[in-house]
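The structure appears right after this line, and notes come after that.
Values quoted throughout were computed directly from the atomic coordinates according to the rules given, and no laboratory measurement underlies them. Nothing here was measured: the structure is a model prediction, and the numbers come from that model. Heads up, the Cβs are rebuilt from the backbone with ideal geometry, glycines too, and the neighbour counts pull from every protein chain shown.
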Amino acid sequence: MMENGRVHHHYNHTDSCNLARWTARECYQFMYARPWHKVLQFYSTLVIGRMSLSNLLPTEKKPLYGETSVEDLSEIVEAHEESESAMVSTKCRSGRWLRVTFKILLSYHGGSFDGWQKQPGLNTVQGLVERSIGSFVDEKKAQKLKEKSLPLEGCTIVAGRTDKGVTALNQVCAFYTWRKDVQTRNIEDAINNAAPGRLRVVSVSEVSREFHPNFSAKWRRYFYIFPFNNEDEEQNDESRKSDENPYWHEQCMEQSNRSAELLGEEEKGESVTFDDSENVETGTKPSRFSIDRVNQLLLQLEGKSLSYKMFSRDTKASRSTGPPTECFIYHARAVEARLPCSEEVHGESGKELKVMCVELVGNRFLRKMVRVLVATSIREAAAGAGDDALLRLMEATCRRATAPPAPPDGLCLVDVGYSEFNPANCLIK
């Protein structure tokens, strides 16, 4: 089939679930045809600290993300102690050892920004933060920026860049300065005043100069909220899809047009194919899936170091093979939950919304890996694939074997850990 000058192919799965498995276009339609605005509203209340994830999973008492948790507080105290010992040991040193490094925990709403990474002409979190802390750079750097006719901005390092639409509750970034008069409260106030309601500082602490938000991290925790349209998830009624999500047609069309770009990044510049005319349209496709089934699929990933190259997108060819694509998953679970009604979130009338929550904890994650894992798990669960379906897909030779990334609206970076992972702190048991 020709579209936008390209010929599109469907990946030919050879297992018994082939006829029941959704095509990429059908995956997009299933993923985007739902009330994502309600998820974004809920994340908005977490960012400003009005609610926490415990409101979504009331049986879990700890940790209370969206607010400063017990775990966060212990990390802040540990960071202060580390900083004090580091400053004592470096009193006789000079040069770079005299610089002061600050660790900043940030909470921001994904729907309000064009991702983390600073890009010209876009409203990004990094750009906003670096402009906010520009007044704290040392005189030497400020003079260099002035000579180059560059704006007065700080320079931050982050634990992990988030895409457009992805929320973060405890993102970790750091910046350094040689100024000795900068107080943690000054940094907090400057960033909090930049975008009230969309960006909030959870904490600021002074740490050792050896601290690196990315390289020092031992694990990252992501949370994904997938909303259902109704209790039975009957997806055959096209008119109801449009009524429940007025943006459905626009989103599906936009994402369908971009399917070749997202699915075939490794073949960019070539004739990418996606053919819906062959066996894939034969038979009746499923329109619902089991959350327990998704959970069983994800459980097979726990405690294993595997190559997730088939579950990544937008990565360079040099990172498509070998150790760079290997990740260790500590925890992978899915559970049903109820999104608080609109009245609790924004004072509007409404009822609780059925959602599926997915929690993934790993030592590292590739580009769009979490979103592809979520979408592929749902697709395989709906098709009735076996427990080892995700493991078998890792042996595929083309990324079209996995589903297109799930919408970014449901994804949230919960926190980043710098001590050994403790399973007791997981949100989903």
Taking the simple approach of a point 7 Å from Cα along Cα-to-Cβ for both ILE48 and THR184, what is their distance in nm? 2.6
Cα gyration tensor shape for the range 117-203, rounded if a/c is under 1.5, else prolate or oblate: oblate
The range 351-405: trypsin sites (Lys or Arg not before Pro) in DSSP loop, at most 12 other beta carbons within 10 Å: LYS351
Would you pull out the residues with amide H under 5 Å of SER287's amide H, same chain only if 5 or more places away, H placed 1.01 Å from N? none
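Of all trypsin sites (Lys or Arg not before Pro) in the range 130-213, which ones are in loop regions per DSSP and have a Cβ with at most 11 other Cβ atoms within 10 Å? Could you put the intermediate results ahead of the total?
Values: sites: ARG131, LYS140, LYS141, LYS144, LYS146, LYS148, ARG161, LYS164, ARG179, LYS180, ARG185, ARG198, ARG200, ARG209; in loops: LYS148, ARG161, LYS164, ARG179, LYS180, ARG198, ARG209.
Answer by residue number: LYS148, LYS180.
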Förster-model FRET efficiency, 25 Å R0, ASP387 and GLU326, C-beta, rounded to 0.05: 0.70
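State which entries of LYS368/LYS429; LYS309/LYS429; LYS218/LYS304; LYS38/LYS351; LYS146/LYS180; LYS164/LYS368 exceed 19 angstrom in Cα-Cα distance in the structure shown. Mind dumping the intermediate values first?
Numbers: LYS368/LYS429 24 Å; LYS309/LYS429 27 Å; LYS218/LYS304 15 Å; LYS38/LYS351 11 Å; LYS146/LYS180 21 Å; LYS164/LYS368 11 Å.
From the list (LYS368/LYS429; LYS309/LYS429; LYS218/LYS304; LYS38/LYS351; LYS146/LYS180; LYS164/LYS368), the Cα-Cα distance tops 19 Å for LYS368/LYS429; LYS309/LYS429; LYS146/LYS180.
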Can you put MET394, MET51 in order of Cβ neighbours within 10 angstrom, beginning with the fewest? MET394, MET51
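How much length, in nm to one decimal, is gained on full extension between SER135 and ARG338, taken as 0.36 nm per residue of separation minus their Cα-Cα distance?
Numbers: separation 203, 0.36 × 203 = 73.08 nm, distance 4.37 nm.
Here the answer is 68.7 nm.
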Could you line up SER107, SER307, SER377 from fewest to most neighbouring Cβ atoms inside 10 Å? SER307, SER107, SER377
